Amino acid sequence: MRSGIKEAADENLLTPRFYTTDFDEMEVMVSQTLNPNLDMSEFEATLKEFQEDYNQKHFVRNDEFKAAADGIQGPNRKIFIEFLERSCTAEFSGFLLYKELGRRLKKANPVIAEIFTLMSRDEARHAGFLNKAMSDFNLALDLGFLTKNRKYTFFKPKFIFYATYLSEKIGYWRYISIYRHLQQNPDDQLYPIFKYFENWCQDENRHGDFFTALLKSQKELVSRNDWQAKIWSRFFCLSVFVTMYLNDHSRSSFYESIGLDTTKFNQHVIIETNRTTSRIFPEVIDVEHPDFFKRLDALVLTNAKLAELSKAGSSVFQKAPVIASFAFQLLVIFFMKPVQGGSYELNDDSQLAY
C-alpha cells in the first residue's frame, strides 16, 4: 500500500457493504413502456428538486480542518480516522450503486435514471469530502482500489428499495441529531466536519424521499394486504436498527468524544427513523415497546462475547452456543407484536397519512 494510503478495514457483518442488483429486473419495474400507468408526476417533481443542487457550494473546506485534526491525538485520533473511513466507504458505496442504476435505466425511464445519476453526484461529493478530511490525518482511502477489490452483495431490486430507503432516512436522523447536539454544546465540536451536517443531512432526506416514491410506485411492496411486504418491512427495519446499535456500541468512545451518550443517541435515532418509516412501510418493529431496547442491549453483550471468542481464535463449535443465543434474541425481537403503518394513498383502511 502506498504511503499515506490507508489499507481498507477487514470486512465483517457490520462493515459498510457495496451492493449490486438485477438491473434487468429493475428496468422492467420502472419502464414507462411496460408500465403505462406509472405515475411520473412525483418523480418529475423530485427530479426538479435534485436539479436545484442546493448543496453545490456547501462542501467547501477552510483552515479549521487541518488545525483541528492536529489537535486530536491519542485514542481519539484513531477513532476519528475509523469514523471517517467507515463514513467514506458507505457514501462511496451509494455512489457506485446509484451511478450504475443511472446508466442502466436511461432507456427504460430517463427521469428515474437522471435522479439516480444526480444522487450519485451527491454521494460522490460526500465521499470526496470525507476522504479529503482523512488527509488532515495524513491518510486517504484508495477508492479505485475499493471499487475493484471490495466484495459486492447482491440484493434483488425490492430489497434495494427497502434497505436503501432505511439507510438514507437513518442517515438523516443521525446527522441532524449530531448537528443539533453540537450546536447546543460547542465545546464538544472537536472537528469542523460536523458543522456541515445540517445541509448534508438534507441530501440524505431527499434521497430517502425518492425511495419513498419508488416504493409507492410498486404498491405490492408496501401494501398492508401483502404478507410478504409486511415480513420484509420488519426484517429490514430490524436489520438496519440492530446493525447500527451494535456498530455504535462497539465504538462508543467516538460518541463520547463529542459529548454524546451512545445509548441515548441510538435510541433517539431509531425511534425517529421508525416513526418516519411507519408512514410508508406496512408494518414496522415496535421500537417504543419497553422490551425492544432491553433486547438490543442484550445483543450488545452477546456480540461482545462473540468478538472476544473470535479474538481468542475460538472455533465455530466453541462459538455455536453464543451464535445460537444471538439468533434467538433476534427472532424474539422480530416476532414482537408489530406496529401497523403505511401510506394512506396505498391502503384504504389506513389511519396514517403520508
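Throughout, read-outs are computed from the coordinates displayed, never taken from laboratory work. Quick caveat, the model's predicted, so the values are computed rather than measured. We place every Cβ from the backbone using ideal geometry, glycine too, and count neighbours over all the protein chains shown.
Total lysine pairs in the stretch 157-229 at Cα distances under 19 Å, for residues eight or more apart or on different chains: 4. Is the C-alpha gyration tensor of the stretch 66-136 telling us rounded, prolate or oblate? Criteria: a/c under 1.5 is rounded; beyond that, a/b larger than b/c is prolate, otherwise oblate. In terms of gyration-tensor shape, prolate.
This model, with +1 at the C-beta of Lys and Arg and -1 at the C-beta of Asp and Glu, gives the chain a dipole about its Cα centre of some 840 debye. Label-to-label distance for residue 22 and residue 320 is 3.5 nm, based on points extended 7 Å past Cα in the beta-carbon direction. Between the C-alpha center of the stretch 44-62 and that of the stretch 193-233 there is a gap of 19 Å.
With 21 Å as the limit, the listed pairs 264/337; 99/148; 156/337; 48/106; 151/311 have 264/337; 156/337; 151/311 beyond it between alpha carbons.
Contact order for the chain, expressed relative to its length and based on alpha carbon pairs under 8 Å spaced 6+ residues apart, stands at 18 percent.
On the basis of the beta-carbon distance and an R0 of 35 Å, residue 54 and residue 103 show a calculated FRET efficiency of 0.90. Rounded to the nearest Å, what's the spacing between the alpha carbon centres of the stretch 149-187 and the stretch 91-131? Just the number, please. Centre-to-centre (Cα) distance: 16 Å.
Close amide H pairs (under 5 Å, H built 1.01 Å from N) link residue 18 with 153, residues at least 5 positions away or on another chain. The 3J(HN,Hα) values that the Karplus relation (6.51, -1.76, 1.60; θ = phi - 60°) gives for the stretch 275-284 are, in residue order, 5, 5, 5, 5, 6, 10, 6, x, 9, 9 Hz. Gly and Pro appear as x. Over all other residues within a Cβ to Cβ distance under 15 Å of residue 59, the charged ones net out to -3, with Lys and Arg as +1 and Asp and Glu as -1.
Answer with one residue from 210, 183, 267: the one whose Cα lies farthest towards the positive end of the charge dipole of the chain, charges on Cβ with Lys, Arg +1 and Asp, Glu -1. Value: 267. When only Cα pairs below 8 angstrom with a gap of at least 6 residues are kept, the stretch 77-169 shows a relative contact order of 29 percent.
Over the residues of the chain, the helix contribution to mean residue ellipticity at 222 nm works out to -21500 deg cm²/dmol, using -39500 (n - 2.57) for each DSSP H run of at least 4. Sparse packing (at most 16 other Cβ atoms within 10 Å of the Cβ) combined with a DSSP loop state is found for the following trypsin sites (Lys or Arg not before Pro) in the stretch 67-112: 106, 107. Computed from backbone phi with θ = phi - 60° and the Karplus coefficients 6.51, -1.76 and 1.60, the 3J(HN,Hα) list for the stretch 319-326 is 7, 3, x, 6, 4, 5, 4, 4 Hz; x is used for glycine and proline. Calculated from the structure at hand, Cα extents along the principal axes in Å is found among (1) 59, 49, 41; (2) 95, 49, 34; (3) 72, 47, 36 as (1).
Amide H to amide H distances under 5 Å link residue 141 with 6, where only residues 5 or more positions off or on other chains count and H is placed in the peptide plane. With a ≥ b ≥ c the root eigenvalues of the C-alpha gyration tensor of the stretch 252-313, is it rounded (a/c under 1.5), prolate (a/b larger than b/c) or oblate? Judged from the Cα gyration tensor, the stretch 252-313 comes out oblate (a/c at least 1.5, b/c at or above a/b).
The packing ranking, built from the mean of other Cβ atoms within 10 Å per residue, places the peptides 61-68, 202-209 in the order 202-209, 61-68, highest first.
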